[in-house]
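Data block below; observations after.
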Amino acid sequence: MQAQQFEKLSLLVDDQLDKPQSVQLLKSVRHDPALQAKLQRYALISQALKGEQAAVADLDFADKVKQQLKSEPVYLMQRKKSDDQFKKTSLAVAASLLLAVVGFYAGKMHNQVQTLAQATTTAAAEQSPAEQMNAQFKEYLQAHDNVWYVNNNAGVKSYARLASYQSR
Amino acid sequence: MRFLFVFLLLISRAFANDDQALDGQQWLQKVNHAMKNMNYHGTVVFMKHGQIDTMKYRHTFENGVETERLSSLNSPLREVTRHSNEISCLYKESQQKVETHHPIDRSFIVNLPLKPERLHDQYLFAVAGQEMIAMRPAQVIAILPKDDLRYARKLWIDTTSLLPLKVEVYGQDGKTLEQVLFTELNLEDSAAPSDAALTAAEAEDDSHQHVSQAEAFEKSPFELKKWPAGFEKIFFIRNTMQQSKKTVDHLLISDGFSSVSIYFEAKGEKSIEGLRTLGPVNSYSRVIDDLQVTALGEVPLQTVELVAKSVSLR
């Protein structure tokens, strides 16, 4: 009978025992120290054969953990306020901040638009001489070298060489 | 057998020395003659400001008149023709045609002084080895200014046809400002110009250059007190600008490689002063009383500034 139990323990360690038999065997192990010792030995051998690092707990490992949990102190803390209240407060603060930020940036954007408009107006006012200068520069280039003239529709890029002349 | 060897050696030396004995000035003279008087065509790449234009090029010389034709291979499609000093440009996509003329002939590829020896004090013409350009052996000639008033250049000359295969212009920082490069060059069946023909061609060129009106400038209210050594007054004309229709007096001075235009016009409502740069072209504008003066050319900034500041009223 015990030999059959040991054989079942071996099959359990090798994960070859079906579930009903495993449950029944573990119930038997719980009340039989000899089976517990045998199971611990088989587990150790199995881990050694598989090359795994052996980490076999003491037989009373579970009992010790259970005792530790029972001796754990109980802390009677004040109960936290309702999360709903916290969410409402957070939303109110966030909304206020959002309004403040939107208001601030709206004012800033307005100023920027005004500045941009002023800059554009200034640039437009200053573009005139710039355009005038560009037009004059282009005309001068055309007169300086016909190569520039014939290429003016494609901008002022030159498709040819430098202007020069035949010196006598 | 020994006589034959000596004969072949002498022949080969004679042919070899024909090119090797040339100095930089002589190379420039020969390439100048060849590019004006031969018939040839090919593909030319123009590079400037990081932009590349590839064009088909054809040069013909008939009855003493040069014709150049450039056809772009990329948009905007256009064909530019120079018949002596008359230039027309046909934009194929819009069928727009632009015609103009210039007082002097200007090549699309490169212009060189007929008498480079005149510029001995301003440039060093160095023979700088040989390279292959467009699968043709090319002699490299470095044209190095002796002052900081002009740009350095290098010229690659086909040792067979003596045509320019490549031109590079360098800024004062040594960076390349402009490149013109033949990727393909074909000589057309035309008799090599004789010395007499070359002389006649020179005379023809000279006749075009005689539009120079130095005397007219001397009688003008303007005076140019100082300009870079080696530069000469080429022409002085009164122009009407194409777009603005303004009347502008135009004086062109050049050393053969670089040209500087000096424009005189009545000062507008808003005068323009200061420097302006576009690639190798720089300009300097200033106001003298009611006169707007602008010096513009493919020379360094200090050159146009020097020229513009040398203008005064008589």
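The values are calculated or read from the model by the stated rules, or taken from the named source; none is laboratory data. Treat the numbers as computed from the prediction; the structure is a model and nothing was measured. Glycine gets a Cβ as well: all are built from the backbone with ideal geometry, and neighbour counts include every protein chain shown. Just the protein is used for accessible areas: all its heavy atoms, side chains included, with ligands, DNA and RNA removed. Shrake-Rupley method; radii C 1.70, N 1.55, O 1.52, S 1.80 Å.
Overview of values
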read-out: Residue mean of other protein chain beta carbons inside 10 Å, B:288-301; value: 2
read-out: Contact order normalised by residue count of the stretch B:228-311, Cα under 8 Å, 6+ apart, percent; value: 23 percent
read-out: 10 Å Cβ neighbours from other chains, averaged over peptide B:76-82; value: 3
read-out: Mean-position separation - Cα centroids, the stretch B:126-147 and the stretch B:28-56, in angstrom; value: 15 Å
read-out: Of all accessible heavy-atom area on the stretch B:212-313, the percent that carbon and sulfur account for (1.4 Å); value: 46 percent
read-out: Heavy-atom accessible area ranking, 1.4 Å probe, most first, across A:S71, A:S90, B:S261; value: A:S71, A:S90, B:S261
read-out: Accessible area buried between chains A and B, both sides summed, probe 1.4 Å, in Å² to nearest 100; value: 4900 Å²
read-out: Spatially proximal lysines relative to B:K30 (Cα-Cα < 17 Å; intrachain offsets below 8 disregarded); value: B:K115, B:K154, B:K166
read-out: Heavy atoms of B:W156: accessible area, 1.4 Å probe, square angstrom to 10; value: 10 Å²
read-out: Hits among lysines - C-alpha to C-alpha of A:K27 under 25 Å, sequence gap 8 or more where chains match; value: A:K8, A:K19, A:K38, A:K64, A:K66, A:K70
read-out: Accessible surface of B:H33 - all protein chains present, 1.4 Å probe, nearest 10 Å²; value: 40 Å²
